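Notes follow once the structure below has been shown.
The values are calculated or read from the model by the stated rules, or taken from the named source; none is laboratory data. Note that the coordinates shown come from a computational prediction; the quantities given were computed from them, not determined experimentally. Glycine also receives a Cβ, built like all others from the backbone with ideal geometry; neighbour counts cover every protein chain displayed. These accessible areas exclude ligands, DNA and RNA; they are computed on the full protein's heavy atoms, side chains included. Shrake-Rupley method; radii C 1.70, N 1.55, O 1.52, S 1.80 Å.
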Amino acid sequence: MYQMFRILLGSLLVIVTMLLVPSVEKALFYLPLLFSLSVSLVNVDKIKINRPLGILLSLVQSYLVFMGLAVVLYFFDEWLYDISTKEITEYEGIIMLTFGGYLAAILLFYFTSFLFKVSSFKFSFLAISVCYVVVVATMLIFSKNEYLQFGVEKLPSFLISWCIFMSLAYSISLNREAFLLLIKRK
């Protein structure tokens with residue numbers, strides 16, 4: 001039971017913190033911090049190096065990947081606009097956002113693997129991919145709801161969903177043995 005709670009704790013921390021923050025705009029600035037802490041503090045025993053340094057480096061790499069991805073997506077959007085003969089459609093925005101979110105998840109996990117003990121990269125890739133499909137499915141299923149409408153104009157809700165489910169994916173990846181033991185028991 002403790003292991004299942006530990007796997008879910010990072011996502012629960014993101015959810016509770018998002019409920020406590022008064023505005024989504026303020027929360028967006030803190031998403032990399034929140035994501036980094038939800039992964040590193042819950043899995044502090046999996047850090048390969050000095051723990052405070054590992055948490056700090058996790059925080060720095062989280063901000064760098066989030067900012068780097070924003071810059072890449074901005075230039076990709078400009079490039080897409082330049083080569084397109086017409087206005088960028090909603091579907092192109094969705095594709096760009098989906099690709100960018102998945103790229104961020106994989107890239108951030110690559111850097112995370114230098115700081116944390118990862119037992120299986122294949123399993124981790126699968127967990128991240130499945131959880132990312134859940135992010136996209138959540139956004140598409142709730143597209144009628146004003147808060148969770150998928151698309152670039154609803155980027156904050158996408159990023160919040162991304163943080164919740166990627167925190168879960170990273171916890172599953174870092175606690176692979178406990179997760180598989182729980183699955184086999186059920």
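Among the residues of the stretch 27-70, the ones that are free of Cβ contacts under 8 Å to residues at least 60 places away in the same chain, of a type in the set (Val, Ile, Thr) and within 26 Å of residue 5 (Cα to Cα) come to 2 in all. Taking each residue of the stretch 94-105 that is closer than 13 Å to residue 125 by Cα and looking for partners that are open to solvent by less than 40 Å² (accessible area, probe 1.4 Å) and among the hydroxyl-bearing types (Ser, Thr, Tyr) with beta-carbon atoms closer than 9 Å, six or more apart or interchain, yields 102/129; 102/132; 105/129; 105/132; 105/170. The residue of the stretch 11-26 that is modelled with the lowest pLDDT, among those that are in contact with a helix residue (DSSP H, G or I) (Cβ under 9 Å, 6 or more places away or on another chain) and either within 15 Å of residue 62 (Cα to Cα) or open to solvent by 100 Å² or more (accessible area, probe 1.4 Å) (or both), is 25. Only residues that are in contact with a helix residue (DSSP H, G or I) (Cβ under 7 Å, 6 or more places away or on another chain) and not small (Gly, Ala, Ser) were counted across the stretch 42-67, and they come to 15.
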